[in-house]
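The values are calculated or read from the model by the stated rules, or taken from the named source; none is laboratory data. Predicted model, so just to flag it, every value in this text is computed and none were measured. Methodologically, a virtual Cβ is constructed for each residue, glycine included, from the backbone with ideal geometry; neighbour enumeration extends over all protein chains shown. Surface areas here come from the heavy atoms of the whole protein model, side chains and all, with no ligands, DNA or RNA. Shrake-Rupley method; radii C 1.70, N 1.55, O 1.52, S 1.80 Å.
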Amino acid sequence: MSATRCYIVQKPFHGMRLDVVLAQAGLFASRSQAASVLENGDVLVNGSAQHKKYNVCTGDVIIYPVLSDAPCAVSLYGEDIPLDIRYEDDDLIVLSKQIGLVCHPCDDHTHGTLVNALVYHCGAEHLCNLQGENDRLGIVHRLDMNTSGLMLAAKTDVAGEALMHAIAARSVERHYMALVHGIIPHDTALIDAPLSRAINDRKRMSVRDCPQSRSALTSLTVLRRYEAGSYDDGFTLIDCKLFTGRTHQIRVHLEFVKHPLVGEPVYNNFAPYKGKESLELQRQFLHSYHIAFTHPRTEEQLSFMDNLPRDLRRALTVLENRTSSITDAGQRIFTELEQSPYPSVEGFALKDISNV
């Protein structure tokens, strides 16, 4: 581990979140950088590792590592990046995020993010700011850069806080469609496996039972199965429902049960990394296709569905002739998608893949 220094919490920081204090006191370049180090267990408060949400007290002794990384240059200006907005009012936005778009500025992406697009669209003063820094304006949850589909953004602190609490309380329904390697024999499954940063790579998550681990729960429902081919062990199209929202949760959990995502570049240790090229995919097959929640102000029940984008739809078209079974859940979900306000991506009609 790198050299460490000591910091004693001063009175103005009393009661604040630990990650916010680490950033605002200048100990780390950003709150996100502080959060990453905290998840690794490299920061001690009064001799013990603490979670980023720990509320500090005046006089707490913090031991923290000195990082050699260059500070993250946070971009706060708006950028004219297209947004596929499905719903918008004075409180929140529901949008379908395109692949390649990072949610907020970080060390590797200092501009061109969803936050920059939201600032351009709404103005920084019309976005919630609950996470300690302006680099996460409007953000209440995230999708990985190459995961597409529906997500929420908040315009006011009141709406943002309510949505974040609803997500934590598991009252926001979030469903993802995923194509995985291998045949999953059971129609439903539940993965309950805690996650933490990998020991030797802070950018990678892993299933670990350690003090820094956080509970993670994902349910799986099989939609369709595809028989094995000459160069693969078959595939299964599944619905993944998140009950928690940990970093890379679905990707790590699917690797853990030895059915990694097709096209997954990182979490693929338990299956041969094959099938991606033949399906013409340039990223993992993972799409946030359904989200439902209670509006934080009006209490209206809102529900949205989002069809598969072109690249994922093409992959299913390639596999169409290898279909071995489609479940009742699969038939129902494809029918609902066909009836949604956003039915088809050009050139790939759902009817081509919804019937056996």
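Over 18 Å apart: what share of the alpha carbon pairs of the range 211-254 falls there, rounded to a whole percent?
It works out to 44 percent of all Cα pairs.
Ignoring ligands, DNA and RNA, please state the percent of accessible area on the chain from carbon and sulfur, probe 1.4 Å.
Result for the chain: 50 percent of the exposed heavy-atom area is carbon or sulfur.
Using a cut-off of 13 Å between alpha-carbon atoms, which aspartates and glutamates can reach LYS258, once sequence neighbours fewer than 8 places away in the same chain are excluded?
ASP233
Report, for the chain, the % of DSSP beta bridges that are antiparallel, rounded to 5.
Beta bridges within the chain, antiparallel portion: roughly 95 percent.
Can you pull the one-decimal nm distance between simple spin-label points at THR188 and ARG314, each 7 Å off the Cα toward Cβ?
Each label point lies 7 Å from its Cα, and together they span 3.6 nm.
Angle, helix 328-338 long axis vs. longest principal axis of the chain, Cα atoms, 0 to 90°, nearest 10?
Compared with the principal axis, the helix lies near 80 degrees.
Work out Dmax and Rg for the range 177-252 from the C-alpha atoms and quote the Rg first, both in angstrom.
Expressed in Å, the Cα Rg and Dmax of the range 177-252 come to 14.3, 44.
Return the inverse of the average 1/r over all pairs of distinct C-alpha atoms in the range 102-218, which is the Kirkwood hydrodynamic radius, in Å to one decimal.
16.6 Å
Test of understanding: express the Cα radius of gyration of the range 230-328 as a ratio to 2.2 N^0.38 Å, with N the residue count.
Against the empirical 2.2 N^0.38 Å value, I get 1.25 for the range 230-328.
Would you calculate the separation in nanometres between label points at SER324 and TYR87, each defined as 7 Å from the Cα along the Cα-to-beta-carbon direction?
3.8 nm
Give me the one-decimal nm value for the distance between modelled label points at THR58 and ILE199, 7 Å along each residue's Cα-to-Cβ direction.
Once both label points are built, they end up 4.3 nm from each other.
How much accessible area per residue does the chain have, in Å², with a 1.4 Å probe?
So the chain comes to 45 Å² accessible per residue, rounded to a whole number.
Working from the alpha-carbon coordinates of the chain, get Rg over Rh, Rh being the Kirkwood radius.
My calculation of the ratio gives 0.98.
Counting Lys and Arg as +1 and Asp and Glu as -1, each charge on the Cβ, what is the dipole of the chain about the Cα centre in debye, to the nearest 20?
Dipole magnitude for the chain comes out near 900 debye.
Tell me the angle of helix 310-319 to the major Cα principal axis of the chain, expressed in degrees between 0 and 90 and rounded to the nearest ten.
40 degrees
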